[in-house]
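The values are calculated or read from the model by the stated rules, or taken from the named source; none is laboratory data. Not measured: the values here are computed from a predicted model. Cβ placement follows ideal geometry from the backbone for every residue including glycine, while neighbour counts extend to all protein chains displayed. Areas reflect the complete protein model, heavy atoms only, side chains present, ligands, DNA and RNA absent. Shrake-Rupley method; radii C 1.70, N 1.55, O 1.52, S 1.80 Å.
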2 protein chains.
Amino acid sequence: MDNFSYCSPTRYVFGKGVESQTGELTARMGCRKVLVVYGGGSARRSGLLDRVTDSLRAAGVDWVELGGIQPNPTDDRVYEGIDLCRREGVDGVLAVGGGSVIDTAKAVAGGVPYDGDFWDFWAGKAVMEIALPVGVVLTIPAAGSEGSGNSVITKLDGMHKISLRTDMALRPRFAVMNPELTFTLPPYQTASGIADMMAHIMERYFTTTDEVETTDRVAEGVLKAIITEAPRVMADPCNYQARANIMWAGTLAHNGICGCGRKEDWSSHGLEHELSALYGVTHGAGLAVVFPAWMTFMASCQPGKIAQFGRRVFNIENSGNDRTDALAAVKCLKEFFKSIGLPVTLGELGIDNPDIPLLVSKFHEDKGLPFGPYHPLYPADTEAIYRLML
Amino acid sequence: MDNFSYCSPTRYVFGKGVESQTGELTARMGCRKVLVVYGGGSARRSGLLDRVTDSLRAAGVDWVELGGIQPNPTDDRVYEGIDLCRREGVDGVLAVGGGSVIDTAKAVAGGVPYDGDFWDFWAGKAVMEIALPVGVVLTIPAAGSEGSGNSVITKLDGMHKISLRTDMALRPRFAVMNPELTFTLPPYQTASGIADMMAHIMERYFTTTDEVETTDRVAEGVLKAIITEAPRVMADPCNYQARANIMWAGTLAHNGICGCGRKEDWSSHGLEHELSALYGVTHGAGLAVVFPAWMTFMASCQPGKIAQFGRRVFNIENSGNDRTDALAAVKCLKEFFKSIGLPVTLGELGIDNPDIPLLVSKFHEDKGLPFGPYHPLYPADTEAIYRLML
């Protein structure tokens with residue numbers, strides 16, 4: 001186990017009807033006027049946005065709105081939000097939505113008090129120390145951004161999709177989580193969210209750090225819960241309990257508790273970010289294609305933790321051969337993804353003629369060379385992994 | 001899953017040598033002069049106290065000391081600490097030790113800004129909203145107080161041992177956790193700490209709240225890690241990795257993550273608190289006696305969750321009969337406790353002639369009638385459970 005420093009200060013307010021507490025929670029974080037960030041029309045059509053703004057009004061909190069945030073959110077909307085906040089004297093940001101909305105809200109929150117270009121933080125030219133306080137009303141369990149200090153934004157110029165990790169600045173102060181708000185998610189989006197949260201755990205689980213039994217067991221536990229609850233959610237989208245377990249698992253997957261004391265990898269996220277930047281695929285669905293390919297490659301050169309994952313999470317019998325069990329784990333994972341309606345090849349993802357050389361070069365341009373602590377990837381490795389997705 | 005609100009704001013600074021960061025962390029929580037609370041002489045003899053105060057000095061933080069805190073800490077030392085803080089103008093409390101030291105530090109921190117008798121909070125006559133900030137340098141992984149908002153104090157007048165739970169007021173701002181500091185713990189204390197942390201998880205796990213799969217799996221994961229790492233720690237007290245895994249498990253056991261979304265029980269802790277108040281036994285060793293007895297009783301009337309515990313944590317094959325599997329789980333747990341040198345009967349605990357009627361009456365006097373959400377205990381039940389410890 002490596003030394004670590006971990007703090008997850010977000011207050012999670014979880015359960016039926018909890019969105020009515022949004023105004024009070026926003027006022028308690030010291031805000032008098034917030035930017036309410038949301039996505040497509042569903043937050044408005046469902047009446048959620050009205051309930052949230054009613055709650056703000058009742059708590060004496062004023063607001064302005066930034067709507068229409070798209071999946072794989074882009075820097076242009078962040079600049080727009082920063083301008084709006086400055087013009088309107090906003091002192092906090094409230095995200096009503098899923099990962100794209102939350103990540104945009106965070107980027108705006110970090111950009112407002114910064115004199116330079118907000119992209120400096122994503123480009124590694126500046127370290128974010130402060131931000132406006134951020135609150136979240138979560139509608140999509142997937143990205144885990146409600147409990148993380150991270151934000152993924154795509155720069156339109158060059159289509160670079162970059163993740164910023166902050167220790168504290170961008171951790172939401174609160175996350176309001178009502179599983180009922182997820183009943184109407186389409187099956188493909190539900191399934192993609194499940195793949196995304198599993199990937200967040202696996203990026204942390206596949207580590208070369210030895211002797212992290214406690215964190216391993218927590219990670220395996222959350223993965224097992226997801227695998228149990230996912231078919232129930234797919235079969236019955238209005239099953240409150242299954243939705244609740246999935247929603248809470250999505251937060252634990254990414255608030256850092258599954259990473260304590262070890263090096264994390266994040267190669268698969270990097271490989272997927274290039275796919276969604278170039279081809280606009282749904283992030284979680286992309287991960288369902290990327291992760292089995294990455295694991296298949298690793299079964300040859302670094303199978304130990306992949307085999308342990310198979311034995312402990314999918315109850316694969318120990319054959320005594322790590323590579324055999326790692327490949328069996330890949331098979332189980334693919335079957336699981338297929339069973340909830342996800343693609344496991346680039347073709348199934350709708351990318352018939354992937355430009356693999358471009359994907360490889362952009363991956364290393366964005367992530368460096370080599371990349372990935374679990375088993376460092378050079379371009380030939382990266383290309384092999386992309387080819388395993390065909 | 002029930003609605004819940006959860007926030008664990010403590011920063012965990014974990015690993016080799018991290019106690020050197022204590023001064024900086026204390027200064028960062030806004031303190032200029034702290035009360036350093038510690039226990040017997042080992043913190044001084046080992047040089048830890050000097051390293052901690054050197055670190056305070058380097059960070060420009062002054063301090064006064066309250067030493068000699070005993071296991072099962074008592075209200076007299078809390079009054080002494082409160083007086084000292086007020087006299088010396090102290091603005092924060094730093095605990096250097098295990099649960100008894102931390103709980104005393106917390107009680108002092110809550111008492112200083114309160115005009116009345118600090119015991120009002122423990123007696124349920126007042127609700128604690130504010131306290132001086134508390135920092136922790138942990139030396140004993142057991143009580144989990146480094147990550148909880150709780151404090152257990154015994155009132156000498158009547159020997160009432162009462163636990164106060166606060167949502168936020170008493171959560172430590174930081175916990176410095178160096179597993180090396182635990183190398184010198186005697187085997188009995190190490191084992192008792194292991195029983196204590198397991199009990200913290202089990203009090204949350206044995207619930208009548210349905211459909212808490214995600215929280216169940218996390219709880220089972222931490223229990224499994226403890227069961228794996230405990231024999232390694234007992235066999236080789238200086239095994240850093242095993243000590244590290246046990247130490248981190250002890251925090252996760254009690255910072256609330258294993259209780260999210262469900263009713264918790266806490267009968268066994270209540271039953272044990274009467275034992276330690278009357279007979280001065282080590283809390284964790286007492287729990288090793290109490291928990292199997294409580295589970296044996298529950299196998300008759302509410303076996304479901306005990307059976308699940310046996311199947312998932314101890315890999316007992318599902319016989320199809322909950323009661324059978326619950327009793328098998330008790331057997332496994334007792335064997336585990338015995339294997340690490342713990343008592344599993346009152347006699348082995350050194351209590352040859354327990355005053356069971358007095359224990360029963362004090363339990364219900366302190367806890368109410370009936371007590372315990374899992375299966376409410378009336379005096380006849382409580383007596384039966386104490387008799388199962390014989």
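Points worth noting:
- Under the criterion of Cα pairs below 8 Å and six or more residues apart, the relative contact order for chain B equals 15 percent.
- Segment A:41-104, relative contact order [Cα under 8 Å, separation at least 6], %: 37
- Over segment A:177-249, accessible surface divided per residue gives 24 Å², non-protein components excluded, 1.4 Å probe.
- In the context of the full set of protein chains, residues of segment B:108-169 present 36 Å² of accessible surface per residue (probe radius 1.4 Å, heavy atoms only).
- Carbon and sulfur %, accessible surface of chain B computed with the full protein complex present, 1.4 Å: 50
- Relative contact order of segment A:212-267, defined on C-alpha pairs under 8 angstrom at six or more residues apart (%): 45
- Cβ charges +1 (Lys, Arg) and -1 (Asp, Glu), total dipole of the protein assembly as shown, debye: 200
- Helix axis angle, B:304-313 relative to chain B longest principal axis, alpha carbon, degrees: 70
- The residues neighbouring A:S20, those whose beta-carbon lies less than 13 Å from its own, together hold a net charge of -2 under the Lys/Arg +1, Asp/Glu -1 convention.
- Label 7 Å beyond Cα on the Cβ vector: B:L358 copy-to-copy distances, nm: 8.3
- Number of partner chain Cβ atoms within 10 Å, mean per residue of B:252-260: 2
- Computed with a 1.4 angstrom probe on protein heavy atoms, the A-B interface buries about 3600 square angstrom of accessible area in total.
- Among B:P237, B:I140, B:V13 - extreme Cα towards positive end, dipole of the protein assembly as shown, charges at beta-carbon: B:P237
- A 1.4 Å probe, protein heavy atoms only, puts the accessible area of B:V344 near 10 Å².
- The angle between the Cα long axis of helix B:322-339 and the main principal axis of chain B comes to about 50°, on a 0 to 90 degree scale.
- Angle in degrees between helix A:283-301 and the longest Cα principal axis of chain A, rounded to the nearest 10: 30
- For chain B: rounded, prolate or oblate by the Cα gyration tensor [a/c cutoff 1.5]: prolate
- Shown is the FRET efficiency for B:L156 and B:R87, computed with R0 = 30 Å from the Cβ-Cβ distance and rounded to the nearest 0.05: 0.85.
- Ranking B:E317, A:E383 from most to least accessible surface, computed with a 1.4 Å probe over the protein chains only, gives B:E317, A:E383.
- Each of B:G320, B:G256, B:A293 was placed along the dipole of segment B:248-390 (beta-carbon charges, centred on the mean Cα), and the one lying farthest toward the positive end is B:G320.
- Whether segment B:66-187 is rounded, prolate or oblate, judged on the alpha carbon gyration tensor where a/c under 1.5 counts as rounded: prolate
- Which of A:Y205, A:Y378 is most accessible, then next, and so on - probe 1.4 Å: A:Y378, A:Y205
- Residues along segment B:9-26 losing 40 Å² or more of accessible surface when the other protein chains are present rather than the chain by itself (probe 1.4 Å): B:R11, B:Y12, B:F14
- Charge dipole of segment B:210-282 (Cα centre as origin; +1 on each Lys and Arg Cβ, -1 on each Asp and Glu Cβ, all else neutral): 340 debye, rounded to the nearest 20.
- Here's the picture: charge each Lys and Arg Cβ at +1 and each Asp and Glu Cβ at -1 in chain B, and of B:G39, B:H200, B:L25 the one pushed furthest to the positive end of that dipole is B:L25.
- Minimum 30 Å² accessible area buried by the other protein chains, segment A:223-250 residues, probe 1.4 Å, relative to alone: A:K224, A:A225, A:Q241, A:N245, A:W248
- Between this copy and the others, label points of A:G17 are 5.5 nm apart in ascending order, each placed 7 angstrom from Cα in the Cβ direction.
- When segment A:165-260 is reduced to its Cα atoms, the Kirkwood hydrodynamic radius in Å: 14.2
- About the Cα centre, charge dipole magnitude for chain B (Lys/Arg +1, Asp/Glu -1 at Cβ), debye: 800
- Among the listed pairs A:K16/B:K362; B:K106/B:K362; A:K155/A:K263; A:K263/B:K161; A:K16/B:K161, those beyond 31 Å (Cα-Cα): A:K16/B:K362; A:K263/B:K161; A:K16/B:K161
- The alpha-carbon of A:K338 sits under 12 angstrom from the alpha-carbons of these aspartates and glutamates, leaving out residues fewer than 8 places away in its chain: A:E348.
- Copy-to-copy label separations for B:G158, where each label sits 7 Å from Cα toward Cβ, in nm and ascending: 7.1
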